[in-house]
Amino acid sequence: MQLELERHTAVPIYRQIVNQVRGQIQDGTLRDGARLPPVRRLAAECGLTRLTVHSAYAELQAEGLVESHVGRGTFVTAGAPTVPSVDRHAQPAPWISQGVLANLLRWSERGDLLSFAQAFPAPETYPTEELGRALQSVLMEGGALGYGHIQGEPDLRDELATLLLQRGMSVAPDHMLVTSGAQQGIDIALRALTEPGDVILVEEPVYPGVLELAALRGQRVVGIPNDGGTLRLDALEAACSAHDPRLLYLVPTYNNPTGISLSRECREAVLRLAHAHTFVVLEDDTYGLLGLEPSAPAALHSLDRNERVVYITSFSKMLAPALRLGVLVAPVPLLPALAAAKQSSDLVCSALLQRALAHYLREGHLSTHLSRVRGIYLKRRDAMLQALQRHVPQCTWTIPEGGLSLWLDLPPGVIEQDFTADALRHGVGLAPGAAFLPRPRPQGAMRLSFGVHSPERIEAGMAALGRVLASHLQRPAMMESLSSGAAGPLV
Ligand SMILES: Cc1ncc(COP(=O)(O)O)c(C=O)c1O
């Protein structure tokens with residue numbers, strides 16, 4: 001049984017053992033009836049006290065995943081529940097100590113690196129001239145240098161009401177709150193709608209920013225597997241019964257990291273569960289207007305008949321991150337608490353930038369811009385898919401329907417941390433899968449973003465990854481041949 005235990009995190013060692021063994025049972029690595037190592041042996045191998053291992057085994061037994069028989073040992077229960085994610089004692093995610101987001105941003109500054117780690121939009125598409133003219137014009141009009149409105153500039157909210165029609169949403173400007181990007185939308189939703197210590201449900205894999213925020217607030221995060229666009233509704237239902245959660249965070253359209261959307265049936269089922277269990281769905285639609293296929297799903301919000309959805313989106317990916325502008329749409333009863341959370345954070349968003357964006361939208365530039373960037377991202381996505389097929393056919397990956405990234409699973413046995421470090425040594429940056437998961441899992445994975453690189457650079461990067469992977473795939477084979485005695489003597 002393979003365990004990777006980290007001593008310098010907030011998660012106690014016994015809980016790490018519980019989480020990893022549970023994960024291995026649920027993903028089939030440990031099968032029905034498999035025997036766990038004896039307490040004494042595992043403790044000695046991992047340098048732990050027997051009490052630590054004993055506590056972990058007792059916890060797994062309490063969860064019905066293993067059975068201990070005196071004198072015989074501990075075995076995986078036949079027919080152990082395979083519904084994942086019901087971690088009854090979920091801990092704050094240890095993301096803070098890893099500083100995953102900070103690392104990703106730091107990597108982007110290394111000029112010598114070919115980085116696929118950040119889901120950045122293509123800088124050459126930033127609308128410098130149009131925004132320049134818009135800024136000039138609103139400055140001349142006057143009034144753009146004051147604090148402005150807490151809910152956001154009325155002109156911008158009017159434009160947003162029109163824009164959101166494209167997402168199937170009919171929303172009054174009064175039901176909106178302009179935010180400093182989607183990240184602030186998530187932050188204020190967590191602060192206004194949940195308490196520290198509450199359980200937050202997230203899809204798994206998930207955008208890491210929400211894990212960082214939840215960890216900072218001491219909140220417990222429970223992951224609901226999202227297998228290639230199919231949210232495990234059984235796991236969601238089980239988590240609702242076990243935790244009575246306040247909030248579920250989802251990127252249902254062009255998910256980050258997978259680029260896949262939830263089906264209509266799945267969206268409706270999520271809304272039914274939200275209504276039945278009275279939790280809020282925080283819909284993050286940051287990529288909603290960055291579809292790469294002709295048919296685009298409407299926002300989850302547009303299907304909500306029971307005021308369960310709080311919706312956020314952002315101009316960071318579709319236009320330019322430096323605007324730091326996004327919007328949150330919420331049912332009226334929730335707005336005062338959300339506006340108070342926003343105000344206590346930064347009072348207001350820049351009136352100057354809001355008015356400039358309103359001007360840009362009013363002039364009708366966004367639709368031209370979006371058709372241009374979608375064409376560019378489609379070429380880059382296809383270049384990446386073809387290059388993956390050529391250079392790393394041993395892996396599996398998602399085929400993004402929109403957004404800027406895909407999710408790639410490494411072949412079994414390739415260790416994610418080693419692979420990521422080696423890729424970096426070979427000049428290629430990638431976002432390690434662990435950054436997107438609220439709990440560890442044995443299967444190595446990564447997110448690859450294609451937004452900023454030309455097809456030629458994508459080809460070069462994937463070719464380099466192919467060479468790194470080939471060297472990793474040789475490792476177990478080499479070990480096997482050495483241990484079987486097939487190799488010659490080491491002289
Ligand atoms: C799904 C998702 N939500 C939120 C954000 C944060 O974006 P913003 O720049 O709008 O704060 C990102 C950024 O990558 C994202 O991918």
* To do: Could you check how many residues of the range 236-267 are within 22 Å of P400 (Cα to Cα) and surrounded by fewer than 21 Cβ atoms within 10 Å (Cβ to Cβ)?
  => 4
* Determine which member of the set R272, R305, R246 is over 18 Å from the mean Cα position of the chain (by Cα), among the charged types (D, E, K, R) and under 22 Å from L211 (Cα atoms). => R246
* Asked: Got a sec? Which of R324, R305, R264 is under 19 Å from T230 (Cβ atoms) and out of contact with any Asp or Glu (no Cβ under 9 Å at 6 or more places or on another chain)?
  -> R264
* Quick one: what pairs do we get from the range 343-354, first residue outside the structural domain of L323 (by TED's automatic domain parsing), second in a helix (DSSP H, G or I) and of a type in the set (D, E, K, R), C-beta under 7 Å, 6+ apart or different chains? -> none
* To do: Go through the range 256-284 residue by residue and tally those that are within 16 Å of the ligand (Cβ to nearest atom) and touching a Leu at 6+ places or on another chain (Cβ under 8 Å).
  => 9
* Look at P393 and say whether it is assigned to a loop (DSSP other than H, G, I, E, B) and closer than 16 Å to A434 by Cα. => no
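The values are calculated or read from the model by the stated rules, or taken from the named source; none is laboratory data. What you see is a predicted model, and the numbers here were worked out from it, not measured in a lab. Glycine also receives a Cβ, built like all others from the backbone with ideal geometry; neighbour counts cover every protein chain displayed.
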